[in-house]
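Q: Sharing a structure below in structure tokens format, with a few things to ask.
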Amino acid sequence: MAPEPDPAPALDMPRGGPRAARWDRLFETDKEEYIDRPDSPAACRRALRGLDRFQRLTLGYRTCARLTAAAFGPAPEPRVLELGAGCGRLSYGILRRHPTALVTASDVNPRVVEALRAGPLGRHPRAGCAVLDATAIDAPADAYDVAVMAMSLHHLPPAGVAALLREGTRVARTLLLVDGWRHPLCLGAVPLMFLTGGPAQAHDGVISLRKVYGAAAVRALAGMCGAPVRVDTRFALPGYLVATATRAPHAPPAVAPAAAPAAGPSPARARRPRPRLRTRK
Ligand SMILES: C[S@@+](CC[C@H](N)C(=O)[O-])C[C@H]1O[C@@H](n2cnc3c(N)ncnc32)[C@H](O)[C@@H]1O
């Protein structure tokens, strides 16, 4: 069976969606956050530490853990993949709240994953850590019940979001995306970001809020992603976009882009083993 088609590499989409207002297009920025700059590892670490404090203070991890649990439902041994895990506290929170959950915390940045392996997740018997690009996930189809990405969607360009929607729904039954809500009023959170993470986090916070995707953009990109993906979007307090993506029920079985498993029901799904990952060093 042929691999799923790639969306056009030059896929373009205003962050506010295909019909974004003029002010929204002007509000958008293409500046880079420290977190995305390989030349600034120290500023990246400061921004991640600041974001971690901000997330704890605003109960962001708790909200994301609750949304993840709602997505895996009553599965006896839920298999969870966190993409763009950063400091890994969401993965750790899921493991603590759900004593049978198996969690893989992943990030595209090898330094971030090194820090994850050196911390409590590296020693946890139900956790794994992996270097994974959310837009080309090195895992078999249907390996997870839920793939979750928190506060990271805006780091991807539109073609990357389309690839994530396709890849996330290939490797997991449900792809859960949580990010900031797109509205200039959310810039009101920047003073708190400055308090929790100093100039590095305030810098990344302002850029993030100007880059977050609107619900209309996520829905439009799902329609262009090259796979039959259905996405529901909603607002959650205090200011989150929550997008839940699944493959359409009538869709043909998902196929891994590189090494496609043999056709037919996935044995991984039938026996529900611990997900196996090829990790990049
Ligand atoms: C703003 S941090 C969010 C960290 C964490 N999820 C949280 O809620 O605090 C964004 C993370 O996404 C990661 N990231 C960026 N692009 C990625 C990609 N293509 N695949 C996987 N992770 C990515 C970055 O390395 C960074 O750790």
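Please treat every number below as a calculation from the coordinates, not as lab data. Computed from a prediction, not measured in an experiment: that's the story for all the values here. Every residue, glycine among them, receives a Cβ derived from its backbone with ideal geometry; neighbour counts consider all protein chains shown.
Q: Mind checking the dipole of segment 22-252: about its Cα centre, +1 per Lys or Arg Cβ, -1 per Asp or Glu Cβ, Debye to the nearest 20?
A: So the magnitude is around 580 debye.
Q: Around Val206, what is the net charge, scoring Lys/Arg as +1 and Asp/Glu as -1 over all other residues with Cβ under 13 Å from its Cβ?
A: Value of the local net charge: -1.
Q: Across segment 178-188, in residue order, what do the Karplus-derived ³J(HN,Hα) couplings come to in whole Hz, using 6.51 cos²θ - 1.76 cosθ + 1.60 with θ = phi - 60° and x for Gly and Pro?
A: In residue order, the calculated couplings are 10, 8, x, 7, 7, 6, x, 4, 5, 4, x Hz.
Q: Moving to a separate point now. ³J(HN,Hα) across segment 210-217 via Karplus (A = 6.51, B = -1.76, C = 1.60, θ = phi - 60°), whole Hz, x for Gly/Pro?
A: Karplus values, whole Hz, x for Gly and Pro: 8, 9, 4, 7, x, 4, 5, 5.
Q: Then there is this: Kindly put Glu33, Glu28 in sequence by how many other C-beta atoms sit within 10 Å of each C-beta, fewest to most.
A: In increasing order of surrounding Cβ atoms, one gets Glu28, Glu33.
Q: Right, something else. Residues with amide H under 5 Å of Gly214's amide H, sequence separation 5 or more or different chain, H placed in the peptide plane at 1.01 Å from N; which?
A: Residues meeting the amide H criterion: Gly16, Gly17.
Q: Let me ask another. Within a Cβ distance under 13 Å of Glu28, other residues only, what is the Lys/Arg minus Asp/Glu net charge?
A: Value of the local net charge: +4.
Q: What ranking do 161-173, 116-128, 88-100 get when scored by the average of other Cβ atoms within 10 Å per residue, highest first?
A: 161-173, 88-100, 116-128
Q: Counting pairs of alpha carbon atoms under 8 Å apart in space and at least six apart in sequence, what relative contact order in percent does segment 22-252 give?
A: Across segment 22-252, relative contact order equals 20 percent.
Q: If r is the Cβ-Cβ distance from Ala248 to Arg53 and R0 is 41 Å, what FRET efficiency results, to the nearest 0.05?
A: Between Ala248 and Arg53 the formula returns 0.55.
Q: Give me, ordered by chain and number, the residues 5 or more places off Asp133 or on other chains with an amide H under 5 Å from its own placed amide H.
A: Placed amide hydrogens put Asp138 under 5 Å from Asp133.
Q: Right, another one. Step through the residues of segment 195-204 one at a time and calculate ³J(HN,Hα) from phi using the Karplus curve (6.51 cos²θ - 1.76 cosθ + 1.60, θ = phi - 60°), rounding each to whole Hz and writing x for Gly and Pro.
A: The phi angles translate into 5, 7, x, x, x, 4, 6, 5, 4, 5 Hz.
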